[in-house]
Amino acid sequence: MGLRSMDSVHTGTEPAVQGTESIELAFANEYWSIFEAIESAETIAISGHTSPDGDALGSTLGLGLALRGRFPRKKITFLLADDAPVPRIYRFLAGSDELVPASRYELKPDLFISVDCPVLERLENAAAVARRSCRIVCFDHHPAREEFAHIAIRRPEAAAASVIIEEFLSFCNIAITPEVANCLFCGLVTDTGRFQYQNTDPESFCVASRLVAAGAEPARISLEVYQSQRIEYLHLESIVMGRIRTVADGKVAYSFARAEDLARCGVSTDECDGLVDLVRSVGGVEVCVFLKGLDDGRVRGNLRSKSAVDISGVAATFNGGGHAAAAGFTFEGSIEDALDAVLPLLTALVRGEASEGDDAAPAA
């Protein structure tokens, strides 16, 4: 489905423009069109990608809560793309207890809003909801191979989808309450790695400042997301740390956790998002991969880059997606097979080679 713009008919009910920043002006037509689509819809479903992170959940909840505040009579539902529970570290976010697995949502919504998702397939069960909806809107900061929304705000240079949501809400004069601000700030802080990743830019800090002024609580978010780990998770973390290895002269690092490791430690798969940062922290490493075994026999891979090396193409090789510095994929096979497949690609990347190759066999 190609991008199809809508006619913008501005009425006396249209929102007031807040500010004249160049980014807002560049997307003014799309912002108006999206606002009109929201205004005309009675049923709205909002979803982020499968295996949601802080940005997918923060964007879903932040946008959804803000729209409920502006349009209290509309039926606005927050969806989870898959049937997994909300990751524990994000359950403090307002509205998280209202998230509904998309597989249980039976309506044909007037409007489906996708956040933080570049391809329809990454919406998992929510993709079926999108397909039967009357209209699709997308807010995203990933590049897309093919646009699936009728109206899309797609800014790969934005640090997080939450950044785009905040700017849309401000542009449309939709109130950002403290609860909304907390959700969006959580998305921004997690996608920038606490403002440490390469995607952190002046816009990130401007948006962060506005969100804190609106009531976001950086200390609480830091406590809930980064400083409230269960001891069972820390035991798993020690296992992953003990398995870290490097190849390609120390420029590529990897580690893994098997499904049985998670079961033995008593850790659920939704708790494991932060484990890739352990692997990323190795000195001298340019790119890394963390692999997590799933109960269904597949492997979930998380890729990170600490340099100018773009790892998004490696994720795309396995039908995954993401950014130059952070991407993910799902692999059909064992952890050993996944390592055999991905390490040569990462090695070739850091060596600037067009062909695949590796100088070390992975240690399982």
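The values are calculated or read from the model by the stated rules, or taken from the named source; none is laboratory data. The structure presented is a predicted model; accordingly, all values stated were derived computationally and were not measured. In this analysis, Cβ positions are derived from the backbone assuming ideal geometry, glycine residues included, and neighbour counts consider all displayed protein chains. Keep in mind that these areas ignore ligands, DNA and RNA; they rest on the heavy atoms of the full protein, side chains included. Shrake-Rupley method; radii C 1.70, N 1.55, O 1.52, S 1.80 Å.
Results for (1) within 16 Å of residue 186 (Cα to Cα); (2) touching a strand residue (DSSP E or B) at 6+ places or on another chain (Cβ under 6 Å); (3) not basic (Lys, Arg), shown as yes or no for each residue.
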{"residue": "53", "(1), (2), (3)": "yes, no, yes"}
{"residue": "59", "(1), (2), (3)": "yes, yes, yes"}
{"residue": "65", "(1), (2), (3)": "yes, no, yes"}
{"residue": "86", "(1), (2), (3)": "yes, no, yes"}
{"residue": "93", "(1), (2), (3)": "yes, no, yes"}
{"residue": "104", "(1), (2), (3)": "no, no, no"}
{"residue": "108", "(1), (2), (3)": "no, no, no"}
{"residue": "114", "(1), (2), (3)": "no, yes, yes"}
{"residue": "120", "(1), (2), (3)": "no, no, yes"}
Inset, instruction - Would you confirm whether any residue within segment 204-214 is touching a strand residue (DSSP E or B) at 6+ places or on another chain (Cβ under 7 Å) and at negative phi? - result: no
Inset, instruction - Working only within segment 287-344, note down all residues that are in a helix (DSSP H, G or I) and within 23 Å of residue 123 (Cβ to Cβ). - result: 312, 313, 314, 315, 316, 317
Legend entry - Positions within segment 233-275 being at pLDDT 95 or above, part of a helix (DSSP H, G or I) and out of contact with any helix residue (DSSP H, G or I) (no Cβ under 6 Å at 6 or more places or on another chain), in sequence order: 234, 237, 238, 242, 259, 260, 262, 263, 264
Inset, instruction - Search segment 120-139 for residues being closer than 19 Å to residue 83 by Cα and basic (Lys, Arg), and hand back the single one that is modelled with the lowest pLDDT. - result: 122
Legend entry - Scope segment 305-335; condition under 14 Å from the mean Cα position of the chain (by Cα) and under 11 Å from residue 288 (Cα atoms); matching residues: 325, 326, 327
Legend entry - Subset of segment 73-99 (residues that are open to solvent by less than 40 Å² (accessible area, probe 1.4 Å) and under 27 Å from residue 144 (Cα atoms)): 76, 77, 78, 79, 80, 81, 82, 86, 87, 90, 99
Legend entry - Which numbered condition residue 347 misses (of (1) open to solvent by 10 Å² or more (accessible area, probe 1.4 Å); (2) at pLDDT 95 or above; (3) assigned to a helix (DSSP H, G or I)): (1)
Legend entry - Among the residues listed as 84, 158, 128, the single one being more than 20 Å from residue 169 (Cα to Cα) and within 17 Å of the chain's Cα centre (by Cα): 84
Inset, instruction - Take residue 55 and decide whether it is crowded, with 24+ Cβ neighbours inside 10 Å and on the phi > 0 side of the Ramachandran plot. - result: no
Legend entry - Test: residue in segment 200-209 that is touching a residue at least 60 places away in the same chain (Cβ under 8 Å), more than 20 Å from the chain's Cα centre (by Cα), surrounded by fewer than 14 Cβ atoms within 10 Å (Cβ to Cβ) and within 30 Å of residue 170 (Cβ to Cβ): no
Inset, instruction - Would you list the helices (runs of 4 or more DSSP H) that sit entirely within segment 1-95 and hold 2 or more residues that are at pLDDT 95 or above and closer than 19 Å to residue 135 by Cβ? - result: 28-40, 54-70
Inset, instruction - Could you tell me which residue of segment 34-48 is nearest to the chain's Cα centre (by Cα), considering only residues that are open to solvent by less than 10 Å² (accessible area, probe 1.4 Å) and more than 13 Å from residue 109 (Cβ to Cβ)? - result: 48
